[in-house]
1. For B:His574, which sequence-distant residues (separation of 5 or more, or a different chain) have an amide H within less than 5 Å of its own amide H, given hydrogens modelled in the peptide plane?
2. In what order, largest first, do A:Val52, B:Val61 sit by accessible area if the probe radius is 1.4 Å?
3. Could you give me the ³J(HN,Hα) list for segment B:186-199, computed from phi with Karplus coefficients 6.51, -1.76, 1.60 and θ = phi - 60°, whole Hz, x at Gly and Pro?
4. Can you give the accessible area of A:Cys135 in Å² (nearest 10), computed on protein heavy atoms with a 1.4 Å probe?
5. Once both labels are modelled 7 Å past Cα along the beta-carbon direction, what's the B:Glu367-B:Val682 spacing in nm?
6. Out of segment A:14-109, which trypsin sites (Lys or Arg not before Pro) are coil in DSSP terms and have no more than 12 other C-beta atoms within 10 Å?
7. Tell me the relative contact order for segment B:406-544 as a rounded percent, counting alpha carbon contacts under 8 Å between residues six or more apart.
8. Would you list which aspartates and glutamates come within 14 Å of B:Lys397, measuring only between C-alpha atoms, while excluding same-chain residues fewer than 8 positions from it?
Amino acid sequence: MATYQINVNGKQRTVEAVPDMPMLWVLRDLMGLTGAKFGCGIGACGACAILVDGKEVRSCSTPISDIGKGKVVTIEGLSTDGSHPLQKAFVEHDVPQCGYCQTGQIIAAAALLKAKPHPTDADIDEAMSGHICRCGTYTRIREAIKIASGAK
Amino acid sequence: MVTDLTRRSFLKVVGGAGAAFVLGCYSAPASGLFKNSDKEAAQGFQPNAFIQIDPDGTVTVTVNKSDMGQGIRTTFAMIVAEEMDADWSKVKVAHAPPGGPAGGQGTGGSSSTRQMYGTLRQLGAGARAMLVAAAAKSWGVDAASCKCDTGKVMHPATGKSMSYGELTSKMAGVTAPDGDLKLKDKADFKILGKRTRRVDNKSVVTGTATFGIDVKLEGMLYAVVSRRPSFGASMGTVDDTATRKVPGVVDVVKISSGVAVVAQNTWAAMEGVRALKVTWDTGFNASVSTASIRAGLVEAAGTQPDLPAGVKAVKASIDFPYLAHATMEPMNAVADVRDDSCVIYSGTQSPDGAQRQTAQMLGLPAEKVTVHLTLLGGGFGRRSANDFVADAVQVSKAVKKPIKLVWTREDDMRNDHYRPMSYHSFQGAVDASGTPVAWNHVIINAGGRSGRGGPGRAGIPYAISGATQAGGAGPSPVPTGAWRSVEHSQIDVANECFIDEMAHAAGKDPLAFRVALARDERLKKVLTMAAEKAGWGTPLPKGHGRGIACFSGYGACIAHVMEVSVVGNEIKLHRMVAVVDPGLALNPQGVEAQVQGAAVDGMSTALKVGITIEKGGVVEGSWPDYPWMTMEEMPNQEVFVIDSGNDPSGMGEVGYPSGPPAIANAVFAATGKRVRKFPIKVSELV
């Protein structure tokens, strides 16, 4: 066990964990932040996505010991009231079906729009293709990203 | 629309309504549907309530079905709110507790809307009638001279109006109406038939929606199970020395599905499983493989009968693999077993099944088992079995603590109740004029569906004289279950591939051939419209092909046109057009979503995924081996929803069966070669 001081959603948090515990379980089991989801544990589906210093990271395969001074933002920290443009677009465009992958999809899209505020279809494909939606909401995800980026 | 499924809101609904006015009711009986339960409301207890109106005007609709992404919470609330003339912005949704009078909660077979539409309308109309009666009495006017709109009762002659919230304090002495009430004319609908967003959207996008895996109870421990490597394997020795040294591991217990490691967090439990040494005896299933199972299916199919002389014979076989459900949220459950009771939280398609099963396992009366239903991170039929609940119950009982038991992705993919593998033998014939004169489809399922072999309910929607369909089951140790569209996912997919071959043999256009033979006018219409929207018959680039297929079932009709290109060994999807006739589309936006989503299942299973059996177990373990469609592979999806005026159909399954054959037929159009096996590989075309 080791003690870590990490910055999560703008707050300094102290947590005791083994060094190789993935951030997913730190967030979900130790901090009570369940917005990032467990989908595979090998970084293959994107349900666990979080932002570290604005970039998308697969929390299921990122040990807490790798976080250091990185600023972690989870879906709970993107906005507290659903006011982030992507959250609004996903609601307005009625994207979710079962909803389980959606927080990861939104986090990935947020990282994309931060890097490329006006993404092309190819940019969207590249940023989002590692994110499986088993309900098949891809068409609406693409449209919602375009709405949030002002392209639609 | 304000709603979110938090434990607090759930408890508020089931635990106490305070001074709220409650309409208690029963879903099953046609008569005596209503029970005025003012008294129950005062006591704050309402196990059978579908509708609750709070003094602030909030209307809470209790939904007795599981929402796994099909949007039934939204649809049911819309139906009730429509007949109530409720203010949609003040409608909330709660889940019904199991075992109450809300009726069976099993969710599957696209049955929810068809089963509950009439009942929910009556319940909404009854609530409205009682509110009108209360208002009329308070004003001293005739109830017939009042009308309702957006959560208010109005008396146009005097200009008086009162909100439903205000009326909750004036319900004393108002009795429930007798018999069936007159329902609204569809032309007067204000909520139903309108594109309406899902009630759970906001909680989903803020990460506050509660799935089974998100539940946390006081003092809860976490468990992960080390499972058998193959079906029917028996446990040998267990060495947990290393496991017990893993930081955070609390206990190791044997349960029916394997060895559970109990820990202070999920990661420690997973690490504990990795450190565990368990030996297994695979037994007689060691030699079972996809190839050995297939050999049994082919043998069971036998040979086709002789055809009369002078006809043009068409023969084909089609193979389907086992399919895993692979829901995004792996199986999981939270259980808190006490000496005389048990509380369960889970996303299950069968909450009352979970209650019965748990009561039986623990030797408790059913009412001592409480099952709190959460949202489901995908279902597709998988969550109709409650094996994950059984796991959590056994561990909680053993360690006497609340347990959250989580399956890993690999546990989930290798311990599913699979869509069966199947082998299909076809023989058909056309005469000199191109008219089909024979059709025989033999279907052999590996192990059958849910223990049943045979052809099930599916059949061809075409008028072919003397058409026959027969089926049976071949031996397999692999457990099977319902998967989106169930037997239609094999039988109708195969039929729509073979009808295309018949059209080709007849020298006819596949669209015209289908339309000429289709028995159902609704089916003809969706076929014709899909073709028109897709530009059927217009030229395509070299290497591209267009395929059509249709499906009629669950009260709906649908047709797909898919456009593909085949370059080398790569099949690429370019465009999908679907036209669906769901009868009355209660929520057209939801219907469109189901068709978009089911088509992605169609694309994934047509081109990419299948479960392989080796040494009696499942080879594939996670997404890299079972690669679902991704964003970059998606074609443009165009979905058209038309209203035939029929009663509303089910929608969860409808969008699947015509997708894969439309792709297979498009591959034929592009290459001149037929698909004999799913998932489609260019190297296996004939």
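The values are calculated or read from the model by the stated rules, or taken from the named source; none is laboratory data. These figures come from a predicted structure and were not determined experimentally. Quick reminder, even Gly has a Cβ in these numbers, built from the backbone with ideal geometry, and neighbours come from all protein chains shown. To get the accessible areas, we keep the full protein, side chains included, count just its heavy atoms, and leave off ligands, DNA and RNA. Shrake-Rupley method; radii C 1.70, N 1.55, O 1.52, S 1.80 Å.
1. B:Glu563, B:Val564, B:Ser565
2. Most to least solvent-accessible, the answer reads A:Val52, B:Val61.
3. Running phi through 6.51 cos²θ - 1.76 cosθ + 1.60 with θ = phi - 60° gives 3, 5, 9, 4, 10, 10, 5, x, 9, 5, 10, 6, 4, 5 Hz.
4. A:Cys135 exposes around 10 Å² with every protein chain in place.
5. 6.6
6. A:Lys69
7. 23
8. Within the straight-line limit of under 14 Å, B:Lys397 reaches these aspartates and glutamates: B:Asp251, B:Asp336, B:Asp339, B:Asp340.
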